[in-house]
């Protein structure tokens with residue numbers, strides 16, 4: 001049955017002109033990126049979700065920057081895996097393609113994806129807490145980096161808990177999903193809003209929905225197809241011969 005599903009999903013992708021892909025932490029876990037769950041759920045006795053907040057940053061900027069510099073150091077050693085590379089190839093083969101990621105690790109861009117929306121920002125971006133300056137910086141940052149434009153404190157260029165998405169991001173995502181022939185959900189539990197509602201939006205507009213995940217999720221039974229296993233194995237098989 002799994003092999004039959006693989007062949008059907010491959011045939012669907014081969015004939016599609018409009019594809020939207022949503023990725024989550026599971027796709028990057030295969031590159032060694034920590035998911036901060038289970039044994040990895042603490043950093044110096046702090047829960048990451050308690051540090052990934054604007055109030056924590058303004059109360060303890062040195063601590064939060066220490067945490068993010070540690071994450072950046074870990075990520076600097078990670079490379080895109082076959083799943084990232086397969087999605088970059090899929091983009092080249094499908095006329096209208098959008099990759100939406102909940103990840104902030106930058107691995108999709110590193111793999112060559114260009115039609116890419118980083119919903120929650122990027123660890124490699126920094127932005128000013130006062131002016132509008134934003135830039136990419138992969139260097140080792142000081143404890144309290146300063147804006148090169150106005151001299152005020154820089155912060156990580158990510159969307160923290162309680163913060164809205166970058167203006168316009170959600171509108172573009174909804175517009176593209178509404179036009180999709182196929183919607184792929186990869187490496188995500190599908191529980192975090194607003195991304196959690198994307199698969200239903202796709203179904204409501206007639207798209208075929210496909211889940212690719214290591215194990216079943218709460219949305220598995222609602223998908224048209226579910227392929228369970230490593231994305232790094234499944235995705236390259238789907239793009240072969242496209």
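Derivation of every value follows stated rules applied to the coordinates shown; laboratory data play no part. Predicted model, so just to flag it, every value in this text is computed and none were measured. Cβ placement follows ideal geometry from the backbone for every residue including glycine, while neighbour counts extend to all protein chains displayed.
Observations, loosely collected:
- Per residue, the convex hull spanned by the alpha carbons of segment 1-121 comes to 123 Å³.
- Model label sites at residue 228 and residue 114, defined 7 Å from Cα along the beta-carbon direction, differ in position by 3.8 nm.
- When you restrict to C-alpha pairs under 8 Å that are six or more residues apart and normalise by the size of segment 177-242, the relative contact order lands at 31 percent.
- One chain, two ends: residue 178 and residue 7. Fully extended at 0.36 nm per residue, the span grows by 59.1 nm beyond their Cα-Cα distance.
- Shape of segment 59-101, Cα gyration tensor, a/c cut at 1.5: oblate
- Distance cut-off 20 Å, percentage of C-alpha pairs in segment 155-242 lying past it: 43 percent
- Ranked list, fewest to most other Cβ atoms within 10 Å of each Cβ, for 118, 237, 77: 77, 237, 118
- Remark: the residue 92-residue 163 segment gains 22.2 nm on full extension, using 0.36 nm per residue and subtracting the alpha carbon distance.
- Least to most buried among 98, 165 (fewest other Cβ within 10 Å first): 165, 98
- Value at 222 nm in deg cm²/dmol, rounded to 500, when DSSP H runs of n ≥ 4 in the chain each add -39,500 (n - 2.57): -10000 deg cm²/dmol
- Residue order, fewest to most surrounding Cβ atoms within 10 angstrom, among 159, 192: 192, 159
- Mean separation of Cα pairs under 8 Å and 6 or more residues apart, divided by the residue count, gives the chain a relative contact order of 25 percent.
- Relative contact order, whole percent, for segment 52-193 stands at 21, derived from Cα pairs under 8 Å and 6 or more residues apart.
- Where labels lie 7 Å past Cα in the beta-carbon direction, separation of residue 77 and residue 141 in nm: 2.1 nm
- Fraction of beta bridges assigned by DSSP in the chain that are antiparallel (%, nearest 5): 25 percent
- The fraction of Cα-Cα pairs per 5 angstrom bin, counted from 0 for the chain, comes to 1, 6, 13, 18, 19, 16, 11, 8, 5, 2, 1, 0 percent, rounded to whole percents.
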